[in-house]
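Worksheet for the structure shown next.
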Amino acid sequence: MREPGPAPAALQDEQLFDLEIRLLLEAVYQRWQHDFRDYAVSSLRRRMRQAMTHFGCERLSQLQGRVLHEPEVFAQMLQFFTVQVSEMFRDPSYFRALREQVLPVLRTYPSLKIWVAGCSHGEEVWSLAILLAEEGLLARTILYATDINASALQRAESGIYPLDRVAGFSRNYLAAGGRGSLSDHYTSAYGGVAFDRRLKQQIVFADHSLATDSVFSEVHFVSCRNVLIYFNRALQDRALGLFNEALVRRGFLGLGLRETVQFSGHAADFEAFVPDQRIYRKA
Ligand SMILES: C[S@@+](CC[C@H](N)C(=O)[O-])C[C@H]1O[C@@H](n2cnc3c(N)ncnc32)[C@H](O)[C@@H]1O
């Protein structure tokens, strides 16, 4: 039998790194009220290592003082705490299912409110606005696009995207069942493309945290895609609880393709509506 001995050095390093992460998250919460304490540890580890390389630190704890005392360092750290990967009509099959299966139900309401939680640079909310415009529903819809990352929200609000992303956006749009050409909805501007101002009239961009804030409106549809994957189980439950509270009776919830309400404390509050696209309906 092996004698209990000291933990292997590699494991100790990992444990120390996790301790540094926990201390940094607590410092960030106390100082800046941004709460990342219930984010999934595995992806936090990866992103904190990237931050260390960016700031040229050997230890994460070396960053703590700077994060506490230098607002611009915290602003930069926010880019490492949050992941901003997105694209228009991401997972086209999801948008096709919305067009073909969810909008026919939503159009029976005289007015609509939609919440896009964790909207990043706005690709998802602009896609939804285009979809609603093409289905003749935009004029009676308010879209709330929320995120905790202020600079991401600013870019979302601008509706301007670089030219080299547009071919991919157009491909997704057509695969999602687009009625015309994506170019019907944008003009060339600032070396990129700017989406139609008329789409934006219906969108409200706002700072909102699924970790610390409460519900701000009653809505008919929540689209929160590729956000819960970064949360631990407790925070996923909190976010799903907010969505349940915000939704009208029989309202819809759309998650990312790797996300589910199954196994959560809110599994019984939702039933699958388009199971393979992770679209649920409030029970
Ligand atoms: C990977 S992006 C997802 C973008 C888009 N929904 C999509 O699926 O393409 C994740 C977004 O969640 C946001 N986020 C992270 N924590 C959040 C929180 N506590 N409350 C609201 N948004 C959050 C990040 O800032 C980021 O913009």
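Observations, loosely collected:
- Along the chain, longest interval not containing exposed trypsin sites (Lys or Arg not before Pro), exposed being DSSP loop plus at most 11 other Cβ atoms within 10 Å: 60-257
- Nearest-ten-degree value, helix 166-175 long axis tilted from longest Cα axis of the chain: 60
- Based on Cα contacts under 8 Å between residues 6+ apart, the chain shows a relative contact order of 16 percent.
- Eigenvalues of the alpha-carbon gyration tensor of segment 130-248, scaled by 5 and square-rooted, set the equivalent ellipsoid semi-axes at 28, 17, 15 angstrom, largest first.
- R0 of 51 Å, Cβ-Cβ distance Arg171-Glu26: FRET efficiency to nearest 0.05: 0.70
- Taking 0.36 nm per residue of separation and subtracting the Cα-Cα distance, full extension of the segment from Val85 to Ser111 would add 6.2 nm.
- Theoretical ellipticity at 222 nm over the chain - DSSP helices of four or more residues, -39500 (n - 2.57) apiece, nearest 500: -12500 deg cm²/dmol
- For segment 194-283, size of Cβ-based charge dipole, Lys and Arg +1, Asp and Glu -1, in debye: 260
- For segment 235-283, the Rg and Dmax computed from alpha carbons only, in angstrom: 9.6, 25
- Across all C-alpha atoms in segment 19-90, the radius of gyration and Dmax reach 12.3, 41 Å.
- For Leu163 and Arg238, the FRET efficiency from 1/(1 + (r/R0)^6), where r spans their Cβ atoms and R0 equals 35 Å, is about 0.35.
- Relative contact order of segment 195-252, defined on C-alpha pairs under 8 angstrom at six or more residues apart (%): 47
- Computed FRET value (nearest 0.05) for Thr212 with Ser181, which takes r as the C-beta separation and R₀ as 35 Å: 0.25
- Normalised alpha carbon radius of gyration of segment 152-197 [divisor 2.2 N^0.38 Å]: 1.14
- Full-stretch length increase - Arg249, Glu72 - with 0.36 nm per residue and alpha-carbon distance subtracted: 59.4 nm
- In this rough spin-label picture, where each label sits 7 Å from Cα along the Cβ direction, the Val41-Ala283 distance is 3.1 nm.
- Each eigenvalue of the Cα gyration tensor of the chain, multiplied by 5 and square-rooted, gives one semi-axis; in descending order these are 36, 23, 17 Å.
- Mean separation of Cα contacts under 8 Å, 6 or more apart, over the residue count of segment 155-283: relative contact order %: 19
- Remark: segment 52-182 projects, on average over all directions, an area of 9.9 nm² (convex hull of Cα atoms).
- Accessible area per residue for the chain is 48 Å², calculated with a 1.4 Å probe on protein heavy atoms, without ligands, DNA or RNA.
- This model, with +1 at the C-beta of Lys and Arg and -1 at the C-beta of Asp and Glu, gives the chain a dipole about its Cα centre of some 580 debye.
- √(5λ) per eigenvalue of the Cα gyration tensor, segment 72-128, largest first, Å: 31, 14, 7
- Calculated SAXS-style log₁₀ I(q)/I(0) at q = 0.26 Å⁻¹ - segment 91-156, Debye, Cα scatterers: -1.16
- Sparsely packed loop sites in segment 203-283 (the chymotrypsin sites (Phe, Trp or Tyr not before Pro) outside DSSP H, G, I, E and B with at most 16 other Cβ atoms within 10 Å) comprise Phe216, Phe263.
The values are calculated or read from the model by the stated rules, or taken from the named source; none is laboratory data. Because the structure is predicted, anything quoted here is derived from the model rather than measured. Reconstructed Cβ throughout: ideal geometry from the backbone, glycine too, with neighbour counts over all protein chains shown. SASA here: full protein model, heavy atoms, side chains in, ligands and nucleic acids out. Shrake-Rupley method; radii C 1.70, N 1.55, O 1.52, S 1.80 Å.
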